[in-house]
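Here the structure is laid out as structure tokens; the discussion comes afterwards.
The values are calculated or read from the model by the stated rules, or taken from the named source; none is laboratory data. Quantities reported herein were computed from a predicted structural model and do not represent experimental measurements. Cβ placement follows ideal geometry from the backbone for every residue including glycine, while neighbour counts extend to all protein chains displayed.
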């Protein structure tokens with residue numbers, strides 16, 4: 001199909017996510033390779049967001065395509081109660097890769113389903129119902145995970161699953177817990193302990209966190225936060241669930257983001273980079289003490305596509321590429337380039353308020369005036385955002401601008417020159433934000 005035919009049919013017959021279909025302007029993609037996507041007429045876009053922060057190894061890697069082909073020829077699917085080679089091999093591989101005693105895995109079809117089953121697991125294991133989650137979080141779009149989510153998408157889907165108590169992050173949107181990172185950590189944890197007192201620790205099963213907040217700001221935690229949180233939850237017998245759906249699988253320069261804080265979660269959920277989105281797959285990793293409970297007690301959770309053989313073989317090949325080709329190290333190495341480019345843009349453009357990055361997980365904040373007010377407020381937009389988005393698209397860059405934040409999350413196989421190519425386009429696009437800067 002040509003681009004317009006593709007777009008017309010998609011708009012007429014399919015529904016798009018998080019938008020009114022009449023307002024969407026879809027990108028016509030015919031193929032993708034490495035860090036680039038291509039349209040039917042030869043258009044080329046540098047993928048600066050790994051799609052939805054998921055194509056970690058880049059597009060169309062031949063080793064993964066070959067593994068998918070081989071597995072499809074042998075066995076695509078059998079019922080979840082069976083044993084298969086991909087299930088056996090991937091389970092063993094994950095037990096070797098995950099730190100500590102995270103040795104047992106439940107496979108789902110994505111991050112939301114992994115979190116859904118983590119909710120079931122913590123409630124069944126503890127016999128408690130309440131769950132703590134943070135306002136600047138995203139945990140999925142199913143009924144239960146939508147209520148775990150703190151961001152505005154939850155508001156349009158309420159009421160939903162009861163029992164979730166939301167708390168402020170160490171980095172709230174319009175508030176500060178202190179000046180230094182140590183002060184912020186101490187004050188946030190003191191506040192959280194008071195919330196736990198009000199809610200009754202004897203009723204709280206777990207707290208779900210993104211170790212690095214993803215789509216709601218790309219916010220690495222302040223110093224000492226993860227260790228302090230782990231100790232606080234242990235004090236009250238509350239489990240810690242780390243949602244690594246977006247931050248995991250090398251994105252931050254380590255295999256998982258929680259490893260930057262030198263902690264051990266009770267449960268870890270992940271998806272996205274697990275298969276680099278070549279096929280849908282999510283996983284819940286659980287500690288030995290939780291797994292031992294379910295060896296004697298029924299785990300009341302199941303999915304038709306649990307342990308799907310084709311998806312598991314895809315994950316196995318993806319992990320081999322991610323680790324074997326040094327992509328995690330590449331993310332760690334290029335962090336300095338990303339930070340340097342962000343600092344250059346801040347020095348050049350008055351509209352740039354600030355930025356942050358950990359590995360190849362980054363965001364640039366845009367301000368509308370010298371007071372530091374965001375160009376677009378919480379859960380809102382601004383005409384300049386739409387113009388910048390169109391500029392990026394017209395000049396060969398694919399990424400997202402959410403509210404006032406430009407996402408900078410390329411595939412982990414990106415080179416330094418390709419990274420600089422992306423920032424050059426952002427540099428030129430920021431002139432649009434500068435034009436509406438109020439001084």
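Taking strands (runs of 3 or more DSSP E) that fall entirely within segment 73-188, which contain at least 1 residues that are closer than 19 Å to residue 281 by Cβ?
Numbers: elements: 102-108, 130-134, 164-167.
Of the strands (runs of 3 or more DSSP E) lying wholly inside segment 73-188, those with at least 1 residues that are closer than 19 Å to residue 281 by Cβ span 102-108.
Restricted to segment 158-180, and to residues there that are closer than 22 Å to residue 235 by Cβ and in contact (Cβ under 8 Å) with a residue 40 or more places away in the chain, the residue that is surrounded by the most Cβ atoms within 10 Å (Cβ to Cβ) is 170. Residues in segment 252-301 that are more than 30 Å from residue 228 (Cα to Cα), surrounded by fewer than 24 Cβ atoms within 10 Å (Cβ to Cβ) and within 24 Å of the chain's Cα centre (by Cα): 5 in all. Among the residues of segment 135-167, those identified as touching a helix residue (DSSP H, G or I) at 6+ places or on another chain (Cβ under 8 Å) and closer than 15 Å to residue 17 by Cα are 140, 141, 142, 146, 153, 154, 157. Of these, 372, 439, 377, 354, which one is modelled with pLDDT under 95 and in contact with a strand residue (DSSP E or B) (Cβ under 9 Å, 6 or more places away or on another chain)? That would be 372, the only listed residue that is modelled with pLDDT under 95 and in contact with a strand residue (DSSP E or B) (Cβ under 9 Å, 6 or more places away or on another chain). Among residues of segment 218-232 being in contact with a helix residue (DSSP H, G or I) (Cβ under 6 Å, 6 or more places away or on another chain) and assigned to a loop (DSSP other than H, G, I, E, B), the one that is surrounded by the fewest Cβ atoms within 10 Å (Cβ to Cβ) is 223. Being in contact with a strand residue (DSSP E or B) (Cβ under 6 Å, 6 or more places away or on another chain), in contact (Cβ under 8 Å) with a residue 12 or more places away in the chain and farther than 22 Å from residue 272 by Cβ, is that true of even one residue in segment 144-157? No, segment 144-157 contains no residue that is in contact with a strand residue (DSSP E or B) (Cβ under 6 Å, 6 or more places away or on another chain), in contact (Cβ under 8 Å) with a residue 12 or more places away in the chain and farther than 22 Å from residue 272 by Cβ. Candidates in segment 86-104 are the residues that are surrounded by 14 or more Cβ atoms within 10 Å (Cβ to Cβ) and free of Cβ contacts under 8 Å to residues at least 60 places away in the same chain; of these, the one that is farthest from residue 262 (Cα to Cα) is 91. Of the residues making up segment 46-65, those that are assigned to a helix (DSSP H, G or I) and within 16 Å of residue 328 (Cα to Cα) are 50, 53. Does residue 92 satisfy being modelled with pLDDT of 95 or more, assigned by TED's automatic domain parsing to the domain that holds residue 313 and either more than 25 Å from the chain's Cα centre (by Cα) or farther than 30 Å from residue 200 by Cα (or both)? Taking the combined requirement at face value, the residue satisfies it. Here are some residues: 314, 304. Which one is closer than 27 Å to residue 98 by Cα, part of a loop (DSSP other than H, G, I, E, B) and in the same structural domain as residue 124 (by TED's automatic domain parsing)? When all the criteria are applied, what remains is 304.
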